[in-house]
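Structure first, then comments.
What follows is calculated from the coordinates using simple rules that are stated; it is not laboratory data. On a predicted model such as this, the values are computed, not experimentally measured, just so you know. Neighbour counts run over all protein chains shown; Cβ positions are idealised from the backbone, glycine included.
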Amino acid sequence: MNENIIYALLILAVFIGYKKYTTYQVLKLVPSLLKDGGQIVDVRTEDEFASAHKDGSINIPLGSLDSRIKDLNKNKPIILCCASGSRSAAAKRSLKAEGFENVHNAGTWRSLVKFD
């Protein structure tokens, strides 16, 4: 096998492992974040959210985040989710750029279903 392909596969494996580890770290924090008044914000589209979502979460599609940022409390934890974790990662970057500090990407909304 070509040496470049091996390196590319190794880098991909490390990246996937890192993403899984960081999501796991956030999920460990979710109970305490919710206890502190954390809001779960699902950044999927309205149609995706309507088809299934975590009870108690609010839907602010990624494309609407800038115009609805006033709906979020900067003083409370924000737990972001979407279908895969990509849009919630983008939402986290946007919120951090707007001065939000206590923002967490939980990845997929399904990972949050077990939390009350």
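Things to note:
- Cross-link reach is defined here as a Cα-Cα straight distance under 19 Å, omitting same-chain residues fewer than 8 places apart; for Lys28 the lysines meeting it are Lys19, Lys20, Lys54, Lys76, Lys92, Lys114.
- Distance from the Cα centroid of the stretch 1-62 to that of the stretch 96-116 is 8 Å (rounded to whole angstrom).
- Highest-MSF residue in the chain out of Ser86, Ser32, Ser94 [GNM, Cα springs under 10 Å]: Ser32
- Size of charge dipole - the stretch 1-87 - debye, nearest 20, with Cβ of Lys, Arg +1 and Asp, Glu -1, no other charges: 340 debye
- Peptide packing for 63-74, 95-106, 6-17 was compared via the average number of neighbouring C-beta atoms within 10 Å per residue; ordered from the highest value, the list is 95-106, 63-74, 6-17.
- For the chain: relative contact order, % (alpha-carbon pairs under 8 angstrom, 6 or more apart): 27 percent
- In summary, the aspartates and glutamates within cross-link reach of Lys96, defined as a Cα separation below 14 angstrom excluding same-chain residues under 8 places away, comprise Asp66.
- A crude spin-label estimate for the pair Lys114 and Asp47, with each label 7 Å from Cα along the Cβ direction, gives 3.2 nm.
- Within a Gaussian network of the chain (alpha carbon springs, distance under 10 Å), most fluctuating of Lys19, Lys76, Lys92: Lys19
- Here, the stretch 41-100 has an Rg and a Dmax of 10.7, 32 Å when only alpha carbons are counted.
- Helical runs (DSSP H, four residues minimum) scored at -39500 (n - 2.57) apiece and divided by the length of the chain put the mean residue ellipticity at 222 nm at -15000 deg cm²/dmol.
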